[in-house]
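Read through the structure below, which is laid out as structure tokens, and then see the notes.
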Amino acid sequence: MNAYRHAVPAIELADLTVAYDREPAVHHLTGRFEPGSLTAIVGPNGAGKSTLLKSIAGLVSPSEGGIAIEVGARERIAYLPQLAEIDRSFPISVIDAVSLGLWRDMGMFRAITGAHVTRARAALAAVGLEGFDARQVGTLSAGQLQRVLFARLMLQDAGVVLLDEPFAAVDERTAGELLDLVGVWHREGRTVIAVLHDLQRVREAFPEALLIAREPVAWGPTDEVLTPDNLRRARYISDGWSDAA
């Protein structure tokens, strides 16, 4: 792949609070994702990690504060939800599912052309699924489905890529190959933000980390964020939220 051809925006969080039924899921978070950065969002269960990612994607609205992204930049954001949120019962072929990544090129009601199919097949080959074109998405394993979704992300050609637990429920080989693709996106100058639970993988592959427990605990270079003291503090804060609930 070539380097990303568009300018990549910074993402500014200003005292961001997101609440469900008046219960904060993300609480007073301020900071900045630099253009071209590779950041892991980590924290205890229920810490607001997925909510934060959905907020950046524009899927949930802030209760207080805000997220500043330059005008038009949201159109250059690609979002991958957790596998558990994907409806695998919808009758769609692998090639059609991947081709959805080309919707900006195709338009809402245009048919898929031969050139689109060629690009979709190339993306499938890049994630190790050559020849899977006609398979139904519902017949795929978790690892195969995640490869399909990564192929779709490739075709979106976005400057900002948001990944929610992208390596959960997949085997180590698949996780490693998809992580290599994340590394390619980072080297191309895209901004990649991923919610992860595997702290060892974060330490090995993500230079930046944001540790949250609904409220921010630490944000910066990974080795300075994932310290024993910070991890204990995140657990303490999380336990306090649980007790209050």
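Looking only at the stretch 46-67, count how many residues are part of a loop (DSSP other than H, G, I, E, B) and in contact (Cβ under 8 Å) with a residue 60 or more places away in the chain. Let's see the steps before the verdict.
First, the residues of the stretch 46-67 that are part of a loop (DSSP other than H, G, I, E, B): 46-48, 58-63.
Now restrict to residues that are in contact (Cβ under 8 Å) with a residue 60 or more places away in the chain: 46-48.
Final tally of qualifying residues: 3.
Looking at residue 192, is it within 22 Å of residue 81 (Cβ to Cβ) and of a type outside the set (Asp, Glu)?
Spelling it out, residue 192 is indeed within 22 Å of residue 81 (Cβ to Cβ) and of a type outside the set (Asp, Glu).
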* Applying the selection to the stretch 162-178, what residues are in contact with a helix residue (DSSP H, G or I) (Cβ under 6 Å, 6 or more places away or on another chain) and assigned to a helix (DSSP H, G or I)? -> 174, 178
* From the residues in the stretch 1-49 that are more than 22 Å from residue 236 (Cβ to Cβ), at pLDDT 90 or above and of a type in the set (Ser, Thr, Tyr), which one is surrounded by the most Cβ atoms within 10 Å (Cβ to Cβ)? -> 39
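Looking only at the stretch 192-215, filter to residues that are in a strand (DSSP E or B) and in contact with a His (Cβ under 7 Å, 6 or more places away or on another chain); which one of those is nearest to residue 43 (Cα to Cα)? Quick ask: steps written out before the conclusion?
Within the stretch 192-215, the first condition is being in a strand (DSSP E or B), and the residues that meet it are 192-195, 208-213, 215.
From what's left, in contact with a His (Cβ under 7 Å, 6 or more places away or on another chain): 192, 215.
Values: 192: 18, 215: 10 Å.
Filtering first and then ranking leaves 215.
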* Asked: What number of residues within the stretch 72-99 are modelled with pLDDT of 90 or more and not β-branched (Val, Ile, Thr)?
  -> 9
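For every residue, the table says whether it meets (1) basic (Lys, Arg); (2) over 25 Å from residue 89 (Cα atoms); (3) touching a residue at least 24 places away in the same chain (Cβ under 8 Å); (4) surrounded by fewer than 16 Cβ atoms within 10 Å (Cβ to Cβ).
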position: 116; (1), (2), (3), (4): no, no, no, no
position: 124; (1), (2), (3), (4): no, no, yes, no
position: 129; (1), (2), (3), (4): no, no, yes, no
position: 145; (1), (2), (3), (4): no, no, yes, no
position: 160; (1), (2), (3), (4): no, yes, yes, no
position: 163; (1), (2), (3), (4): no, no, yes, no
position: 172; (1), (2), (3), (4): no, yes, no, yes
position: 185; (1), (2), (3), (4): no, yes, yes, no
position: 197; (1), (2), (3), (4): no, yes, yes, yes
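Is one or more of the residues making up the stretch 68-83 under 25 Å from residue 125 (Cα atoms), touching a Phe, Trp or Tyr at 6+ places or on another chain (Cβ under 7 Å), of a type in the set (A, V, I, L, M, F, W, C) and not in a strand (DSSP E or B)?
Filtering the stretch 68-83 down to residues under 25 Å from residue 125 (Cα atoms) leaves 76-83.
Now narrow it down to the ones that are touching a Phe, Trp or Tyr at 6+ places or on another chain (Cβ under 7 Å): none.
Among the residues of the stretch 68-83, not one is under 25 Å from residue 125 (Cα atoms), touching a Phe, Trp or Tyr at 6+ places or on another chain (Cβ under 7 Å), of a type in the set (A, V, I, L, M, F, W, C) and not in a strand (DSSP E or B), which makes the answer no.
Rundown of residues vs (1) at pLDDT below 95; (2) in contact with a Leu (Cβ under 7 Å, 6 or more places away or on another chain), yes/no style:
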site	(1), (2)
150	no, yes
159	yes, no
164	no, yes
169	yes, yes
195	no, yes
208	no, yes
231	no, no
240	yes, no
244	yes, no
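The values are calculated or read from the model by the stated rules, or taken from the named source; none is laboratory data. Worth saying up front: this structure is predicted, and the values here are computed from it rather than measured. In this analysis, Cβ positions are derived from the backbone assuming ideal geometry, glycine residues included, and neighbour counts consider all displayed protein chains.
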